[in-house]
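Peer 1: Have a look at the structure that comes next, please.
The values are calculated or read from the model by the stated rules, or taken from the named source; none is laboratory data. None of the values given here were measured: they were computed from a predicted structure. Note that we place each Cβ from the backbone using ideal geometry, even for glycine, and neighbour counts take in every protein chain shown.
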Amino acid sequence: MSDTVMPLNQSGENRRLRLIDPHIHMISRTTDDYQAMAAAGVVAVIEPAFWTGQPRTTVGTFVDYFASLVGWERFRASQFGLKHYCTMGLNSKEANNEALAEQVMELLPRFVGKEGVVAIGEIGYDEITAAEEKYFHLQVELAKEVNLPIMIHTPHRNKKVGTTRSMDLLIEHGIDPTMAVIDHNTEETCKEVLDRGFWCAFTLYPRSKMGSMRMVNLVKQYGHERIFIDSSADWGMSDPLAVPKTARLMLENGIDFDTVETICYKNALAIYGKSGQMNESDWADAKGIDKTQLFEGNSVLRGGPGSMDDNPLIS
Ligand SMILES: [Zn+2]
């Protein structure tokens, strides 16, 4: 993905495709990833609050994690020319530690109103336990109170059951389906998600679960309405360039530029923009990278301001 200009659209104009990765855990990624994403046309990312691979044991680690999502990581992205947004929530895996979960629920109101928070998420089911269900209900109510969209993580096991049940729960709470994203869909779940009026996101994993060519076929079958894609890249096997690579594969397979732009940019902006926290002008009017900026005295551009001036990827 060295060149940033995508293939020509049908009218022959050379239009640059702008991209959003609306689900990526940048806390686990390196600065190389930020540079490669920016070079491939990614202008904005959304980082959902999730677990971090090893269960947390005290609420203080959630405080620092949430603070980094609205603080340090946002700054780090800005130093590579990307806009960073996040979602706030107690993930389903750690909902099963109820003593800790109670404390996280008390903490969340402090963070949901921060700048750049575009949804409550990722919440939902993991093993579909009673504790997961309890905190799922509570956080849907929180989303209603603060009028934010909801990002739903669907389970990797029992996907179909978990997906249906997640939508049932949202409807039970009176959530407008156009305010909720059901993520990690497959061919097995997407029809029901679309039929019920929810946003339908697909995570493109490099090997298993959901691959790019399968996505091309899904778009040919279902079109672009309420469909978008993400990488969910984190600390495990994943690809932070999954969105640009799949965008290119769609174009190469005859899907038109406008459809690709809708799936890889416009739809994510449409739903998460409902938070009032994410606007196209955030990056369209951006004045470039201020390399003199520091975050609490620290820079990510080692060697001081200007040290990366000769890097073509970020200048
Ligand atoms: Zn995730």
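Peer 1: Specify which of the listed residues (ALA286, ALA268) is modelled with pLDDT of 80 or more, under 17 Å from the mean Cα position of the chain (by Cα), surrounded by 10 or more Cβ atoms within 10 Å (Cβ to Cβ) and under 30 Å from ILE120 (Cβ atoms).
Peer 2: Every option except ALA268 fails the conditions.
Peer 1: Between residues in segment 267-289 that are touching a residue at least 24 places away in the same chain (Cβ under 8 Å) and residues that are assigned to a helix (DSSP H, G or I), which pairs lie under 6 Å by C-beta distance while being six or more apart or on different chains?
Peer 2: MET278/TYR272
Peer 1: Looking only at segment 112-150, which residues are farther than 23 Å from ALA201 by Cα and free of Cβ contacts under 8 Å to residues at least 12 places away in the same chain?
Peer 2: Listed by number, the residues that qualify are ALA130, GLU145.
Peer 1: OK, next. Scanning segment 39-49 for residues that are in contact (Cβ under 8 Å) with a residue 60 or more places away in the chain and in contact with a Ser or Thr (Cβ under 9 Å, 6 or more places away or on another chain), which turns out nearest to the ligand (Cβ to nearest atom)? Quick ask: steps written out before the conclusion?
Peer 2: First pass over segment 39-49, keeping only residues in contact (Cβ under 8 Å) with a residue 60 or more places away in the chain: 39-44, 46, 48-49.
Narrowing the set further to residues that are in contact with a Ser or Thr (Cβ under 9 Å, 6 or more places away or on another chain) leaves 39-41, 46, 48-49.
On the way: ALA39: 23, ALA40: 20, GLY41: 22, ILE46: 10, PRO48: 5, ALA49: 9 Å.
The extreme case among them is PRO48.
Peer 1: Which one is nearest to the ligand (Cβ to nearest atom), of the residues in segment 16-36 that are buried (at least 18 other Cβ atoms within 10 Å of the Cβ) and of a type in the set (Lys, Arg)?
Peer 2: Checked segment 16-36; the qualifying residue nearest to the ligand (Cβ to nearest atom) is ARG29.
Peer 1: Residues of segment 51-91 being of a type in the set (D, E, K, R) and free of Cβ contacts under 8 Å to residues at least 40 places away in the same chain, which ones?
Peer 2: At the first step, the residues of segment 51-91 found to be of a type in the set (D, E, K, R) are 56, 64, 73-74, 76, 83.
Once the filter is applied, which keeps residues that are of a type in the set (D, E, K, R) and free of Cβ contacts under 8 Å to residues at least 40 places away in the same chain, segment 51-91 yields only ASP64.
Peer 1: Which one is surrounded by the fewest Cβ atoms within 10 Å (Cβ to Cβ), of the residues in segment 37-54 that are in contact with a Lys or Arg (Cβ under 7 Å, 6 or more places away or on another chain) and either at pLDDT 95 or above or within 21 Å of MET278 (Cβ to Cβ) (or both)?
Peer 2: First pass over segment 37-54, keeping only residues in contact with a Lys or Arg (Cβ under 7 Å, 6 or more places away or on another chain): 41, 43-44, 51.
Add one more test, that the residue is either at pLDDT 95 or above or within 21 Å of MET278 (Cβ to Cβ) (or both), and what stays is 41, 43-44.
On the way: GLY41: 22, VAL43: 20, ALA44: 23.
Among those residues, the one meeting the criterion is VAL43.
Peer 1: Quickly run through segment 75-96 and pick out the residues that are charged (D, E, K, R) and under 20 Å from LEU107 (Cβ atoms). Spell out how you get there, then give the answer.
Peer 2: Applying the first criterion (charged (D, E, K, R)) to segment 75-96 yields 76, 83, 93-94.
Matches in segment 75-96: LYS93, GLU94.
Peer 1: Of the numbered conditions (1) surrounded by fewer than 14 Cβ atoms within 10 Å (Cβ to Cβ); (2) out of contact with any helix residue (DSSP H, G or I) (no Cβ under 8 Å at 6 or more places or on another chain), GLU188 fails exactly one; give the number of that condition.
Peer 2: With respect to (1) surrounded by fewer than 14 Cβ atoms within 10 Å (Cβ to Cβ); (2) out of contact with any helix residue (DSSP H, G or I) (no Cβ under 8 Å at 6 or more places or on another chain), GLU188 is out only on (2).
Peer 1: Further, regarding this structure: What is the residue count in segment 41-81 for residues that are small (Gly, Ala, Ser) and part of a loop (DSSP other than H, G, I, E, B)? Break it down stepwise before answering.
Peer 2: Taking segment 41-81 first, the residues small (Gly, Ala, Ser) are 41, 44, 49, 53, 60, 67-68, 71, 77-78, 81.
If we keep only those that are part of a loop (DSSP other than H, G, I, E, B) too, we end up with 41, 49, 53, 71, 81.
Selection size over segment 41-81: 5.
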